[in-house]
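The values are calculated or read from the model by the stated rules, or taken from the named source; none is laboratory data. These numbers were taken from a predicted model, which means no experiment stands behind them. Here the Cβ is made from the backbone with ideal geometry for all residues, glycine too, and neighbour counts use every protein chain on show. Keep in mind that these areas ignore ligands, DNA and RNA; they rest on the heavy atoms of the full protein, side chains included. Shrake-Rupley method; radii C 1.70, N 1.55, O 1.52, S 1.80 Å.
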Amino acid sequence: MKIAIIGATGLVGREMLKVLEERKIDFSVFLPVASGRSAGKHLQFNDHHYTVIGIQEALEARPEIAVFSAGAATSLKWAPEFAGRGTVVIDNSSAWRMDPDVPLIVPEVNAGILNHDHRIIANPNCSTIQLVMVLAPLHKVYGIKRVVVSTYQSVTGSGAKAIRQLENERKGISGNRTFPHVIDLNLIPEAGGLAEDGYTTEEIKLVNETRKILNDEHIKLTATAVRVPVYGGHSEAVNIEFEKDFKLKEIRDLLSHQPGIVVEDDLAGHRYPMPLNSRGLDDVFTGRIRRDFSVASGLNLWIVADNLRKGAATNAIQIAEYMIHQKIVS
Ligand code: A2P
């Protein structure tokens, strides 16, 4: 088994290396890939030193699995080249997510749809992954009519330059800005690029990707995505209207029995999920679970996960793990 990480020197790529190491994924050849700027550099992984190679060299090595986290342009161009040579591509960019022939996978929710014909598999957007982890089990039992979500997204979701902007601002150093405004001691109600009708791309991704993963075009969903000056993870305030009524205890029990979900729900004890506490962890945390008294069968809850882990690297490596275990790739 040869495995390539395309974008191994990036923020998500480096997290992928950690996840591969932690989960003890079995492979014989590891191919760390980055742009021409980094080719030839050394990288430590699994107690070995590896030399970073270019993408053409990785293509010629014909890995069984290539996990891409090098931006949409690189994925658009190179994923079909790898797939054409028989490599299974797991792509963390937005390039292929809404392609009808490409499965969009959160393993706990819909890995069952994967088969031997799939050569490009898309990893969803970070905010979508943590949202559908919680929505999927609830949708099965109570039927979701409508969701209103507001996100509080960590600066780590905008890459290394965004972290540098926040750190520079904290130290009073002027430098290049990733965000259009100061992010320290502020929040910016603009995450992602411009989309239609006054929305941002992050907001539209939440709508479209959630429907695709839950395989239900009828779910109504609307989102406001906000960038906040925190590390550690993305948070989401979520309001859900169900078809069927529920008991709060049933909801807590259902969620606490889901793999990958941790319920932290004790307001009096000041226990609820927070981004700093999710940092470096693979679970999706939920709490502040309470009835919305303004509608019939309405629920409010709060969801937090590390966007670089379950929101990106962990989910992608879990897809690879699933495909290896199911012998879809070998
Ligand atoms: P490099 O470090 O050489 O720029 P981030 O999202 O944190 O900016 O990381 C992007 C990752 O994608 C980096 O590892 C970057 O390499 C890599 N990358 C960017 N463009 C290419 C490309 N054309 N081919 C391979 N890797 C690329």
Bins of 20 Å, starting at 0 and running to the largest distance - Cα pair percent for the chain: 32, 58, 11, 0
Ignoring ligands, DNA and RNA, what accessible area per residue does the chain give at 1.4 Å, in Å²? 46
Roughly to the nearest percent, how much of the accessible area of segment 87-246 is carbon and sulfur, given a 1.4 Å probe? 49
Around Thr224, which amide H atoms from residues at least 5 apart in sequence, or from another chain, sit under 5 Å from its own amide H, with H modelled in the peptide plane? Val149, Ser150, Thr151
For Ala122, what is the net charge nearby, where nearby means another residue's Cβ is under 10 Å from its Cβ and Lys, Arg count +1, Asp, Glu -1? -1
Picking from Ala79, Ala160, Ala316, which is most flexible by a Gaussian network model of the chain using Cα springs under 10 Å? Ala160
Where does the longest stretch of the chain lie that holds no GluC sites (Glu not before Pro) found in a DSSP loop with 13 or fewer other Cβ atoms within 10 Å? 1-216
Report the relative contact order of the chain, percent, no decimals, based on alpha-carbon pairs under 8 angstrom and at least 6 residues apart. 18
Bridge orientation stat for the chain from DSSP, antiparallel percent rounded to 5, came to 50
Just in segment 35-112: which trypsin sites (Lys or Arg not before Pro) are loop by DSSP and have at most 15 other Cβ atoms within 10 Å? Arg37, Lys41, Arg85
If you line up the long axis of helix 72-84 against the longest principal axis of the chain, both from Cα atoms, how many degrees apart are they, to the nearest 10? 60
Using just the helices of the chain, give the 222 nm mean residue ellipticity in deg cm²/dmol: DSSP H runs with n ≥ 4 each add -39,500 (n - 2.57), and the total is spread over all residues, rounded to 500. -9500 deg cm²/dmol
